[in-house]
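Okay, structure first, notes after.
Just so it is clear, none of the values below were taken in a lab; they were calculated from the coordinates. Quick caveat, the model's predicted, so the values are computed rather than measured. Glycine gets a Cβ as well: all are built from the backbone with ideal geometry, and neighbour counts include every protein chain shown.
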Amino acid sequence: GGEGGVEGGSVEGGEVQVVTDPKERAAVLSKALMPLYTNVLIYDVIQPPEKIYYRVYKKGDEYAVLLLYYWSFQAFPPHPGDYAPVIVILDKNLVPKEVYYDRNHYKVGGFANERGSPELWLFVNVPWRSMVVRYPEDVENDELYPLYFQIHPYDEYKERDARTELIHLTDDVLRELRSKRVNPINIHDRIIRDPWSIRHAKTWSVYGDWTI
């Protein structure tokens, strides 16, 4: 898309527009990105994501952000090119309303922000990088809290070699990810076109069953 405004397309359920204005896109992205944590006991097999691909959408008075957390290698089970998809739906004030994530083997997990919290935390608690979302205050009251370790955004006071690259998920970038010889991106095209459709999906994958 070009610079400024939004780029639209009619899809089932309403008019979904891809936000192309850089300032608007950056403002929405900054509210959708969540601090990413893991358990310090499995940090060696998780590691910080090397890249986060993102695309920002608007429909009515809501925004949605598709995030693809990418690692070049997964240690368990071992294979190259691992990624974890997340969709954050925000209200007109850019407060997250809902978060959808890969809870296990591309099955869709969901989190409703019933407290209206402006900040949510994302957790990777298993070696194959499935995710869960939690409220910060619940985490801080958890007896396991001393074991939690932030891997993105980075704590600049701790020594880290890795840095995560944010990459706008343009159509060209998406085609490149889908054309990879090993473990290409296989997120259903309907989710790419209309991230709000995730509300009705059982799986992220083109190979799974849908309820619609």
Mind checking which lysines have their Cα closer than 22 Å to the Cα of LYS23? Skip sequence neighbours fewer than 8 apart in that chain.
LYS31, LYS51, LYS58, LYS59, LYS92, LYS97
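Report the full-extension gain for the segment ARG115 to ASP138: residue separation times 0.36 nm, less the Cα-Cα distance, to one decimal in nm. The partial results should precede the final answer.
On the way: separation 23, 0.36 × 23 = 8.28 nm, distance 1.19 nm.
Full-extension gain reported as 7.1 nm.
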So, in nm, how far is label SER30 from label GLU62 when the simple model puts each one 7 Å beyond its Cα toward the Cβ?
2.4 nm
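May I ask you to derive the FRET efficiency for ARG178 and HIS200 from their Cβ-Cβ distance with R0 = 35 Å, giving the value to the nearest 0.05?
On the way: r = 23 Å, r/R0 = 0.65.
Efficiency at R0 = 35 Å is approximately 0.95.
So if each residue of separation counts as 0.36 nm, and I subtract the Cα-Cα distance between SER72 and VAL95, what length gain in nm does that give? Spell out each step's value before the answer.
Values: separation 23, 0.36 × 23 = 8.28 nm, distance 3.13 nm.
So the chain would gain 5.2 nm between SER72 and VAL95.
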Suppose the chain between ASN125 and ASP44 were pulled fully straight at 0.36 nm per residue; how much longer would it get relative to their current alpha carbon spacing?
27.9 nm
Highest first, please rank the peptides 167-179, 184-196 by the mean number of other Cβ atoms sitting within 10 Å of their residues.
184-196, 167-179
How far apart, in nanometres, would the label points at THR20 and ASN186 be if each is projected 7 angstrom from Cα along the Cα-to-Cβ direction?
3.3 nm
